[in-house]
Amino acid sequence: MEFARYTEHAKRVVFFGRYEASQYGSREIGTEHLLLGLFRGDRALARKLLGSGSLIWQYASSRKSIESIRHDVRIVGPKLSTSEDIPLSNESKRVLKCAAEEADQFNDQHIRSEHLVLALLRQDGSVAARLLNKEGVTLEAARKKLGR
């Protein structure tokens, strides 16, 4: 994958997605790992998506939602070494492609974390979309919160 267009935050999301996959014992980086990577790589965006109300409430609400989502991600095996090469799943590759489409749609030269979130939500049957939907985050709601 070519990451030249990705902002540092977006690169961190993918990097931390790889880390999360290794911690859950997964042999590929799934959409759920990219989502968990988002929580590590762009905390402000995670709070914006999952929180509501005052800043204190946003933090408490987003933290509860993140913990709920993390709890629902399935551990598939023992932790893997972070030095192992863990490829993106086909669904995660589609997410990265959709993120580029989201950026292009708004004439944005850079692929940002926001584009990755929208792309995750566009993958209807994905684990990440189901986990976000369970917390009340839909594609339409995310577009409104993100001004997209």
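Residues that are surrounded by fewer than 21 Cβ atoms within 10 Å (Cβ to Cβ) and modelled with pLDDT under 95: list the helices (runs of 4 or more DSSP H) wholly contained in the range 68-148 that include at least 1 such residues.
Because the criterion is at least 1 residues that are surrounded by fewer than 21 Cβ atoms within 10 Å (Cβ to Cβ) and modelled with pLDDT under 95, the helices (runs of 4 or more DSSP H) in the range 68-148 that meet it are 90-105, 127-134, 139-146.
When only residues in the range 55-67 that are of a type in the set (A, V, I, L, M, F, W, C) and surrounded by 13 or more Cβ atoms within 10 Å (Cβ to Cβ) count, which is modelled with the lowest pLDDT?
Here the answer is ALA60.
Which of the residues that make up the range 23-43 are within 16 Å of LEU96 (Cα to Cα) and in a loop (DSSP other than H, G, I, E, B)?
Listed by number, the residues that qualify are GLU28, GLY30.
Output yes when any residue across the range 10-22 is surrounded by fewer than 21 Cβ atoms within 10 Å (Cβ to Cβ), touching a helix residue (DSSP H, G or I) at 6+ places or on another chain (Cβ under 9 Å) and not in a helix (DSSP H, G or I), and no when none is.
No, the range 10-22 contains no residue that is surrounded by fewer than 21 Cβ atoms within 10 Å (Cβ to Cβ), touching a helix residue (DSSP H, G or I) at 6+ places or on another chain (Cβ under 9 Å) and not in a helix (DSSP H, G or I).
Any residue in the range 78-93 that is of a type in the set (S, T, N, Q) sitting within a Cβ distance under 7 Å of a residue that is assigned to a strand (DSSP E or B) and surrounded by 10 or more Cβ atoms within 10 Å (Cβ to Cβ)? List the pairs, counting only those 6 or more apart or interchain.
Every condition considered, the pairs that remain are SER89/ILE29; SER92/ILE29.
Which pairs turn up if I take residues in the range 109-126 that are within 11 Å of TYR6 (Cβ to Cβ) and look for partners that are surrounded by 24 or more Cβ atoms within 10 Å (Cβ to Cβ) and among the acidic types (Asp, Glu) with beta carbon separation below 6 Å, at least 6 apart in sequence or on another chain?
Partner pairs satisfying both residue conditions: SER113/ASP42.
When you scan the range 36-53, do you find a residue that is among the hydrophobic types (A, V, I, L, M, F, W, C), buried (at least 19 other Cβ atoms within 10 Å of the Cβ), modelled with pLDDT of 90 or more and over 14 Å from GLU135 (Cβ atoms), even just one?
No, the range 36-53 contains no residue that is among the hydrophobic types (A, V, I, L, M, F, W, C), buried (at least 19 other Cβ atoms within 10 Å of the Cβ), modelled with pLDDT of 90 or more and over 14 Å from GLU135 (Cβ atoms).
The values are calculated or read from the model by the stated rules, or taken from the named source; none is laboratory data. Keep in mind the model is a prediction, meaning the values are calculated, not measured. Note that we place each Cβ from the backbone using ideal geometry, even for glycine, and neighbour counts take in every protein chain shown.
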